[in-house]
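One structure is given here, and the rest of the page talks about it.
The values are calculated or read from the model by the stated rules, or taken from the named source; none is laboratory data. Note that this is a predicted model, so its numbers are computed, not measured. In this analysis, Cβ positions are derived from the backbone assuming ideal geometry, glycine residues included, and neighbour counts consider all displayed protein chains. SASA here: full protein model, heavy atoms, side chains in, ligands and nucleic acids out. Shrake-Rupley method; radii C 1.70, N 1.55, O 1.52, S 1.80 Å.
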Amino acid sequence: MARGLRFLGILALIYASLSLCIAANVRPISDAHRSAALELFASPIDGSFGSLEETYEALKTLKNLGLERPGDVKEKACPLVVGKLGSTSSSLKDLFQALRVNSVIGCQIDAKTFADVASRIQAVIKDTSSLEDFYYSVGSLLLVKDQGSSVNLPDANDIFHSIKALSQSDGRWRYNSNSAESSTYAAGLALEALAGIVSLADSEVDQSMIETVKNDIVKLFDSIESYDDGSLFFDEKHVATSEYKGPVTTTSSVVRGVTAFAAIASGSLNIPGDKILGLAKFFLGMGVPGSSKDLFNQIDSLSLLENNRVSIPLILSLPSTVLSLSSKDQLKVEVNTVFGSAAPPLTVNLVQGFSSASKEVPALENQELKFDAENGVHYLDILPLKVDVGKYTLVFEISLHDPEHLNTYAAGGQTKTLVFLTGIIKIDKAEIAILNSDVGNVETSQKLDLSRDSAVALSANHLQKLRLSFQLTTPLGHAFKPHQMFLKLKHDTNVEHIFLFESSARQFKIVLDFLGLVEKFYYLSGKYDIEITVGDAAMENSLQRALGHVELDLPEPPEKAPRPPVQPADPYSRFGPQKEISHLFREPEKRPPQELSLAFLALVLLPLLVFIIGLIRLRVNLKNFPSSPVPAAFSLLFHVGIGAVLVLYVLFWLKLDLFTTLKTLGLLGIFLIFVGHRTLSHHASISSKLKSS
């Protein structure tokens, strides 16, 4: 058991390092995100998600993922929405959240309520100085307009200028005119609000101001940050702790603002497609978030990037980054949008492929992948390319067929991905031998087949050596050096010793000089089991083999020799067979002779026999048995009860215990008293009538 667990631990470490290497292979939105959404946004027992903001985030995420919302959420949320919209004390944020929820579930709200909400917001928006109030006001008016109400802003240019006055030279925004610090998150709110003002304006907004905002967006993207895998994100700088939102929330805010402003601005924003692709990789690189807030920001941002006027990112991903040469696996590449939709016609080229063993000379160059239209994947047969096992860095490039798609889609430049090629490693020339320590000649030598367990039986003393050697070659005949390779000797007392192999040229060898190891072996003579372990992530036939045993004859330990360590108890031993427990029972008491018992039985039955003979001598008859139905029934029950008492005595003698017998006898006694009283009363009345007559 311990041997297997240790070997599994070694392979786990190997594959853990492999997983770290291939973490950059981002994948589009999958069923894992949908399962997480159903779990994180599971409707509580009362059918409510909490606040209106949490309700909107849950419903919008489920909608973007194509999942059905809980059936009772509309009944629970609509009264809250109607209450917020109808209350004159509702804040701008409450109105905004209520209208957002209504835009998803469609509550029954009359046009007058929408008109009242719009008039209240228009009355206060002129005097607003806070960026957040502008954001809530403009967003609410847009949502009212989407419901079919007629909403416009006659003073749109003035409001536009009021929001623009809060911008900074680096593309960030302040929350209000009194704030000295600017925020990247606030920039996203400002861009959304400005886009809403353009949509609500009853006349054209000053185009010079729109161009100025476009330049602000370019400056904002100059402060974007990056990871080594090419993903890009925004983060706050020099803001108070209470205002810090984190990279996910901040980046999501910028994505909402930029896509909203790009939708209303004439022309295009001067944002490179690589940066939009980097933002998509950032959100997809998150995997499946564990919090509902992060999941909402991830899915909402990706849904906006899925269809926007700047650039639609195309994600190049590999369904599998571990390919088997022995199974003739194909290199498969998928190119999709962030939500997994099909990409436009394109070609995927493998520009270069570098092996980890030789990073200067490419092992693969200029290979065009074929396209499987039925499965929507690009593939390449790697077996004819004569590549060997190991880790490779592949560089891909996407070429769009239609030149017009270059302005619509962001394919990025060259995409690097790590791939592991695995195969069967050939093991040959395996040999184990016992050498004489003085001259080094071979005393005993045996060939080994490391593809299966062996049963080698060797013997040696402290003046001899043990040698084990073998060769490993890849499918192309190159020398192969695995990550893990060691030899283990285990004594009968469970004391283990592990030794590492040495490599020289194409051969792996280990030589154990027992004379120098007697102290490490604690002078323990006896049987040592031999076990070899060879493991690597690229080696499909990683092995852990028992080779047999060696009988060691070591000298007697000196007085101050180290003693072997105490071996820990096996934690599973308590589940094995336990020591047998012997019980000592009391000897049975001595019983009387069988003849005496039979004589006692005869004396017990003698009164019954006398009773029967007496009845016969007295000539007992049934002449006085009642003839009327009711008295006859009671008399019959009385005799049956007496018979039941006799049967009970017999059962007590055979198997019943005293308590059961007494309890049953008590019930029969009550029954006999009742029926016997009725029977004797009847006989007494008959006797009195006969005497009187």
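Taken over the range 367-382, the residue count meeting the criterion of being more than 18 Å from Thr415 (Cα to Cα) and surrounded by 18 or more Cβ atoms within 10 Å (Cβ to Cβ) is 1. Against the definition (at pLDDT 95 or above and either more than 39 Å from the chain's Cα centre (by Cα) or not in a loop (DSSP other than H, G, I, E, B) (or both)), how does Phe396 come out, yes or no? Yes, satisfied.
This table checks each residue for (1) among the aromatic types (Phe, Trp, Tyr); (2) at pLDDT 90 or above; (3) outside any loop (DSSP other than H, G, I, E, B).
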{"residue": "Ala42", "(1), (2), (3)": "no, no, no"}
{"residue": "Phe49", "(1), (2), (3)": "yes, no, no"}
{"residue": "Tyr56", "(1), (2), (3)": "yes, yes, yes"}
{"residue": "Leu62", "(1), (2), (3)": "no, yes, yes"}
{"residue": "Gly71", "(1), (2), (3)": "no, no, no"}
{"residue": "Glu75", "(1), (2), (3)": "no, no, yes"}
{"residue": "Val82", "(1), (2), (3)": "no, yes, yes"}
{"residue": "Val101", "(1), (2), (3)": "no, yes, yes"}
{"residue": "Lys112", "(1), (2), (3)": "no, yes, yes"}
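Scanning the range 169-192 for residues that are among the hydrophobic types (A, V, I, L, M, F, W, C) and within 18 Å of Asn215 (Cβ to Cβ) yields Trp173, Ala186, Ala187, Ala190, Leu191. Any residue at all in the range 237-256 that's small (Gly, Ala, Ser) and in contact with a helix residue (DSSP H, G or I) (Cβ under 6 Å, 6 or more places away or on another chain)? Yes, there is a match, as at least one residue in the range 237-256 is small (Gly, Ala, Ser) and in contact with a helix residue (DSSP H, G or I) (Cβ under 6 Å, 6 or more places away or on another chain). From the list Asp133, Asp94, the lone residue that is open to solvent by 20 Å² or more (accessible area, probe 1.4 Å), acidic (Asp, Glu) and under 40 Å from the mean Cα position of the chain (by Cα) is Asp94.
The residues listed here are Ser399, Ser445, Ser437; of these, the one that is under 30 Å from Ala343 (Cα atoms), of a type in the set (Gly, Ala, Ser) and open to solvent by 10 Å² or more (accessible area, probe 1.4 Å) is Ser399.
Applying a threshold of 7 Å to beta carbon distances and a minimum spacing of six or more residues, or different chains, the list of pairs starting in the range 272-295 at a residue that is more than 30 Å from Leu406 (Cβ to Cβ) and among the small types (Gly, Ala, Ser) and ending at one that is at pLDDT 95 or above and surrounded by fewer than 22 Cβ atoms within 10 Å (Cβ to Cβ) is empty. Checked against (1) charged (D, E, K, R); (2) assigned to a loop (DSSP other than H, G, I, E, B); (3) open to solvent by less than 20 Å² (accessible area, probe 1.4 Å), Asp216 passes all but a single condition, namely (2).
Selection over the range 424-449 of residues that are outside any strand (DSSP E or B), in contact (Cβ under 8 Å) with a residue 40 or more places away in the chain and not aliphatic (A, V, I, L, M) gives a count of 1.
Can you work out which of the residues in the range 317-365 that are over 28 Å from the mean Cα position of the chain (by Cα) and among the basic types (Lys, Arg) is nearest to Ile425 (Cα to Cα)? Filtering the range 317-365 for residues that are over 28 Å from the mean Cα position of the chain (by Cα) and among the basic types (Lys, Arg), the one nearest to Ile425 (Cα to Cα) comes out as Lys328.
Note on the range 18-40: among residues that are open to solvent by less than 20 Å² (accessible area, probe 1.4 Å) and over 17 Å from the mean Cα position of the chain (by Cα), the one that is modelled with the highest pLDDT is Pro28. When the range 497-552 is filtered for residues that are over 19 Å from Val456 (Cβ atoms), under 39 Å from the mean Cα position of the chain (by Cα) and not in a strand (DSSP E or B), the ones remaining, listed by number, are Asp536, Ala537, Ala538, Glu540, Asn541, Ser542.
Does Leu524 qualify as being surrounded by 15 or more Cβ atoms within 10 Å (Cβ to Cβ) and in contact (Cβ under 8 Å) with a residue 40 or more places away in the chain? Criteria met by Leu524.
Here Ser208 clears all of (1) surrounded by fewer than 16 Cβ atoms within 10 Å (Cβ to Cβ); (2) not in a helix (DSSP H, G or I) except the condition numbered (2). Condition check: of a type in the set (Gly, Ala, Ser), open to solvent by 50 Å² or more (accessible area, probe 1.4 Å) and either in a helix (DSSP H, G or I) or touching a Gly at 6+ places or on another chain (Cβ under 8 Å) (or both). Does Ser199 satisfy that? So Ser199 fails the test. Scanning the range 97-125 for residues that are among the polar types (S, T, N, Q) and open to solvent by 50 Å² or more (accessible area, probe 1.4 Å) turns up Ser103, Gln108, Ser119, Gln122. Contact map, the range 299-311: first residue touching a residue at least 40 places away in the same chain (Cβ under 8 Å) and under 24 Å from Leu38 (Cα atoms), second residue of a type in the set (Val, Ile, Thr) and outside any loop (DSSP other than H, G, I, E, B), Cβ cut-off under 6 Å, separation 6 or more or different chains; pairs are Ile299/Thr61; Ser301/Val255; Leu304/Val255; Leu304/Thr259.
Listed residues Lys370, Lys359; which is at pLDDT 95 or above and of a type in the set (Lys, Arg)? When all the criteria are applied, what remains is Lys370.
Against the test of being modelled with pLDDT under 95 and either open to solvent by less than 60 Å² (accessible area, probe 1.4 Å) or within 21 Å of Gly273 (Cα to Cα) (or both), the options Leu364, Leu346 yield a single qualifying residue, Leu364.
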